[in-house]
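Before any comments, here is the structure.
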Amino acid sequence: MVYEFRLPDIGEGVAEGEVVKWHVKEGDVVKENQPLVEIMTDKVNVEIPSPKKGTIQKLTAKEGEIVKVGQVLIVIAEGEAATAATLPATLAAKPTPSVTRAPPPETKPQEASVVSTQAPRPREVLATPATRKLARDLGVDISLVQGTGPGGRITDQDVQQFKGMPRPVAGVTTTTRRGVEERVSLRGVRRKVAEHMVKSKNTVAQVTHVDEVDMTEVVQLREKANASAEKRGVKLTYLPFIIKALIPALKQYPYLNATLDDEKEEIVLRRYYNIGIATDTEQGLVVPVIKDAEHKSINQLAAEIAALSEKARAGQLTLDEIQGSTFTITNVGGIGGLFATPIINYPEVAILGVHKISKRPVVKDNQIVARDMTYLSLSFDHRVLDGAMAAHFVNTIKGYLEDPKLLLLETD
């Protein structure tokens with residue numbers, strides 16, 4: 001009996017996914033719940049297990065290909081191995097994306113199945129201590145990883161790819177009159193980022209408002225609170241303070257914590273505060289979400305930011321951890337630059353860019369003094385709110401940051 005396994009609904013609002021890595025090939029015998037394939041949806045990887053036991057008849061998509069929910073992903077012949085003639089006519093006519101190694105004519109299907117499932121012989125693992133540690137941290141059995149380095153050495157990239165953290169796949173390298181060109185496939189997180197950014201820019205009427213903020217009081221407060229945070233094993237950055245100043249501003253100006261339902265022509269004001277934190281990873285930009293941020297202390301926010309950022313860079317975020325944000329912060333202060341105009345994390349209506357804090361001469365009480373200054377850049381959807389509201393919103397955040405005692409901070 002032939003079973004067509006279709007891509008299941010693997011998350012709220014997920015309509016498609018990218019095939020990151022096949023764990024099986026045609027002709028393999030699989031058990032029920034054995035991992036079949038890793039699918040990327042919304043920048044996270046989901047491992048799809050086999051719903052049946054049997055023989056893999058056909059893989060209907062190549063690695064890097066996009067498949068829709070409900071689309072046939074794999075064909076499994078239950079029981080004894082089946083021939084191509086048992087395939088559904090619509091699938092049998094399609095070319096096979098990978099080479100199938102058929103057994104010799106005199107070999108019985110049952111014998112071929114036994115041969116294909118034999119465990120490989122132990123082999124010497126060539127990898128540096130750092131790469132072995134990375135494999136342990138990611139929960140990867142390094143003996144199963146195929147090395148691509150010199151002499152078959154396993155690299156960090158090999159471990160990450162095995163885990164389902166796709167790296168750019170190089171294409172054809174050519175030499176032109178101007179020099180060497182290399183074509184790299186747009187896949188994985190990079191492709192998701194590209195799709196999301198284009199949709200945002202093509203949908204949102206985006207405008208950016210920029211203001212400077214005196215962060216001197218926050219810098220001093222952080223220095224005082226840092227010792228207590230370190231005792232709790234928490235790395236206290238400036239981002240929790242930004243979030244603490246952001247929440248009352250969102251409450252005062254709820255149109256910043258909203259979405260626009262284009263179909264129903266309604267602005268949806270959300271009275272909960274899930275803050276997305278744009279995080280730079282080797283694979284691209286991902287946005288883990290701090291849920292119910294209004295109920296968390298400075299130390300709690302700092303600990304959650306650190307944990308989510310670590311999972312993001314390791315490619316271990318779940319769908320729930322990247323969904324449901326109501327407002328996003330992107331912090332490029334650690335990298336440098338003056339300020340930027342961030343692209344809105346659609347379907348949200350605004351995003352706040354936080355930039356480098358540096359000492360600059362400013363006039364305070366008619367005196368030129370050195371203060372810790374930064375820029376905040378708010379990109380907003382002009383369809384939902386106007387420039388005046390955006391400016392008032394940033395002024396409110398600015399007021400809390402320049403006088404952080406107003407926040408009644410919890411620094412326990």
_Taking amide H atoms as placed 1.01 Å from N in the peptide plane, list the residues 5 or more away in sequence, or in a different chain, whose amide H sits under 5 Å from that of residue 6._
73
*Note, ³J(HN,Hα) from phi for the range 342-355, Karplus 6.51, -1.76, 1.60, rounded to Hz, x at Gly and Pro*: x, 8, 4, 7, 4, x, 5, 10, 7, 8, 10, x, 10, 10
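Work out how much length residue 10 to residue 62 would gain on full extension: take 0.36 nm times their residue separation and subtract the Cα-Cα distance, in nm to one decimal. Intermediate results must be reported in sequence, preceding the final value.
Working: separation 52, 0.36 × 52 = 18.72 nm, distance 1.94 nm.
Net length gain for the segment: 16.8 nm.
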*Straight distance only, please: which aspartates and glutamates reach the Cα of residue 53 with their own Cα at less than 20 Å, same-chain residues fewer than 8 apart left out?*
4, 26, 28, 32, 38, 78, 80, 111
*Give me the aspartates and glutamates in straight-line cross-link reach of residue 359: C-alpha distance below 13 Å, same-chain residues under 8 apart excluded.*
212, 214, 217, 372
*Please work out how much length the chain gains when fully extended from residue 395 to residue 335, using 0.36 nm per residue of separation minus the C-alpha to C-alpha distance, in nm with one decimal.*
19.1 nm
*Of 305, 318, 377, farthest towards positive along the dipole that unit charges on Lys, Arg, Asp, Glu beta carbons give the range 206-407*: 305
*asked:* Taking amide H atoms as placed 1.01 Å from N in the peptide plane, list the residues 5 or more away in sequence, or in a different chain, whose amide H sits under 5 Å from that of residue 382.
replied: 205, 206, 207
_Can you compute 3J(HN,Hα) from phi for each residue in the range 59-65, using the Karplus curve 6.51 cos²θ - 1.76 cosθ + 1.60 with θ = phi - 60°, rounded to whole Hz and x for Gly and Pro?_
9, 9, 9, 8, 4, x, 8
*Classify the range 206-407 as rounded, prolate or oblate from the Cα gyration tensor: take a ≥ b ≥ c as the square roots of its eigenvalues, call it rounded if a/c is under 1.5, otherwise prolate when a/b beats b/c and oblate if not.*
oblate
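Name the chymotrypsin sites (Phe, Trp or Tyr not before Pro) in the range 268-353 that are in a loop by DSSP and that have at most 16 other C-beta atoms within 10 Å, would you?
Details: sites: 272, 273, 327, 339; in loops: 272, 273, 339.
Listed in order of number, the matching sites are 272.
Residue 364 to residue 318: FRET efficiency via 1/(1 + (r/R0)^6), r the Cβ-Cβ distance, R0 51 Å, to the nearest 0.05? Spell out each step's value before the answer.
On the way: r = 47 Å, r/R0 = 0.91.
With R0 = 51 Å, the Cβ-Cβ based efficiency is 0.65.
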*Would you mind checking which residues have amide H under 5 Å from residue 58's amide H? H placed 1.01 Å from N; only 5 or more apart, or other chain.*
75
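Could you list 219, 145 so that the one with the fewest beta carbons within 10 Å of its beta carbon is first and the one with the most is last?
Numbers: 219 17, 145 20.
The order, fewest Cβ neighbours first, is 219, 145.
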*Mean separation of Cα contacts under 8 Å (6+ apart) over length of the range 239-287, as relative contact order %*: 23
_Estimated vicinal HN-Hα couplings, Hz - the range 191-200 in sequence order (Karplus 6.51, -1.76, 1.60; Gly, Pro = x)_ = 5, 4, 4, 4, 4, 5, 5, 5, 4, 5
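Each value in this text was obtained by applying a stated rule to the coordinates, not by laboratory testing. Keep in mind it's a predicted model, so treat the numbers as computed, not measured. Don't worry about glycine lacking a Cβ; one is built from the backbone with ideal geometry, like all the others, and counts go over all protein chains shown.
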